[in-house]
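Structure first, then comments.
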Amino acid sequence: MSAVCTALPPLRGTVEHQGSLADFIWFRTGGPAEWLVRPDDVQGLAAFLAALDPEVPVLPVGVGSNLIVRDGGVPGVVVRLPKAMAKVTIEPGIKEGSRRVRAGGAAMGITVASAARDAGIAGLEFLRGIPGTIGGAVRMNAGAYGRDTSNILIEVTLVTRNGTVETWPAAKLGYTYRHSELPAGAVVVEALFEGTPGDKAEIGAEMDRIAAEREASQPLRSRTGGSTFKNPDGGKAWALIDAAGCRGLRRGDAQVSEKHCNFLLNLGNASSADIEALGEEVRARVKAQSGVELEWEIQRVGMLADDGDK
């Protein structure tokens, strides 16, 4: 075990050694966090990170809806924000009649979309289709149905790896498709979004449409991890996977979803290694069939069970 075991500073919150991640990661697979910490508040998190050995890696995790945790577990510290940091409030915007939505990093996308709807703020409906937290959405520029986080983000508050609390304008995040320049180990604790004035009924109808479309097309009630691969320029990952004959492909209890083949499933007893290897097999088959090299959208973290230095 690394030096973190004897050097972990005090925290206002909870600290769990060998804390289970598979209990809440959507795939329900993977090894534990060396240390799983749940801070009570922003200042407590900042003080903890400031005092933590700078050599110790820090990984923020929300609900694990787009994550493969490898079977060897995650070294260092995994930070999971509490429900107390999931508050959503409405405040005035700069323009006449405009309003903004301020959301804690632990808030779920559907919660933010619903708050915007209730306040008559349009443009955030797509968050109804984002199954993760706002912190994760900000970090990876999550999107759906033609919009993404960069379209609505005004600024983000984060606690850096060295424990400083900083507020960044959206432009500083260097957003591209499913990517930001947020530094490693930084924890998103709050985000400020802006939409446009809209009709509550119309906003609600669009959210209902998104929910129905997701239900019809995605394996929502399975142990899955969301969209596995990024859409390549001018194409759809699922169509390439389907054309390569991968729909329903299995490796042990890991399977390419037959309902939407850009989703991988844990049918019950898959390991993270099974799921990742299946994903790599899909990438190889797509490359052979179409020449396109799919990029992982799901984040893969931690160590392989049989190789401690990966």
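The values are calculated or read from the model by the stated rules, or taken from the named source; none is laboratory data. All of these numbers come straight from a predicted model, not from anything done at the bench. Every residue, glycine as well, gets a Cβ built from its backbone with ideal geometry; the counts of neighbours run over all protein chains shown. Ligands, DNA and RNA are excluded from the accessible area calculation, which covers all protein heavy atoms including side chains. Shrake-Rupley method; radii C 1.70, N 1.55, O 1.52, S 1.80 Å.
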Any idea how far apart Glu166 and Glu280 come out in nm if each label point goes 7 Å out from Cα toward Cβ?
-> 3.5 nm
Would you list, by chain and number, the aspartates and glutamates whose Cα falls below 13 Å from the Cα of Lys95, excluding same-chain residues fewer than 8 positions away?
-> Glu194
Convert each backbone phi in segment 126-131 into a coupling constant with the Karplus relation 6.51 cos²θ - 1.76 cosθ + 1.60 (shift: θ = phi - 60°), then list the ³J(HN,Hα) values in order as whole Hz, x for Gly and Pro.
-> 4, 5, 4, x, 9, x
What percent of all Cα-Cα pairs in segment 84-217 falls in each 5 Å bin, counting up from 0?
-> 2, 11, 21, 24, 20, 12, 6, 2, 1
Mind giving me the FRET efficiency for Ala51 and Trp296? R0 is 45 Å, r the Cβ-Cβ distance, nearest 0.05 is fine.
-> 0.85
Relative packing of peptides 73-80, 49-56 - highest average C-beta neighbours within 10 Å first | 73-80, 49-56
Got a number for the accessible area of Asp118? Probe 1.4 Å, square angstrom, nearest 10.
-> 90 Å²
Please compute the net charge surrounding Glu258, taking Lys and Arg as +1 and Asp and Glu as -1 over other residues with Cβ under 11 Å from its Cβ.
-> +2
Probe 1.4 Å, all protein chains present, accessible-area order of Lys200, Lys87, largest first = Lys87, Lys200
Three-way shape call for segment 223-301 based on the alpha-carbon gyration tensor, with the a/c threshold at 1.5 | prolate
Give me the distance between the Cα centres of segment 11-40 and segment 225-245, rounded to whole Å.
-> 31 Å
What part of the accessible area of the chain, given as a whole %, is carbon or sulfur when the probe is 1.4 angstrom?
-> 50 percent
What ratio of Cα Rg to 2.2 N^0.38 Å holds for segment 13-83?
-> 1.06
So how do 158-165, 120-127 stack up, highest first, on mean other-Cβ count within 10 Å?
-> 120-127, 158-165
In nm, give the distance between the simple-model label positions of Lys200 and Glu16, each being 7 Å from the Cα along the Cα-to-Cβ direction.
-> 3.8 nm
Would you please give the residues with an amide H less than 5 Å from that of Glu190, counting only those at least 5 places away or on a separate chain, with H modeled from the backbone geometry?
-> Gly105, Thr157
Give the accessible surface of the chain per residue, rounded to a whole number of Å², with probe radius 1.4 Å and ligands, DNA and RNA excluded.
-> 44 Å²
Pairs from Lys236/Lys259; Lys230/Lys287; Lys83/Lys200; Lys236/Lys287; Lys87/Lys236 whose Cα-Cα separation, in the structure shown, is over 25 Å | Lys83/Lys200; Lys87/Lys236
Assigning unit charges at the beta carbon (Lys, Arg +1; Asp, Glu -1) and nothing else, what dipole magnitude in debye, to the nearest 20, does the chain show about its Cα centre?
-> 460 debye
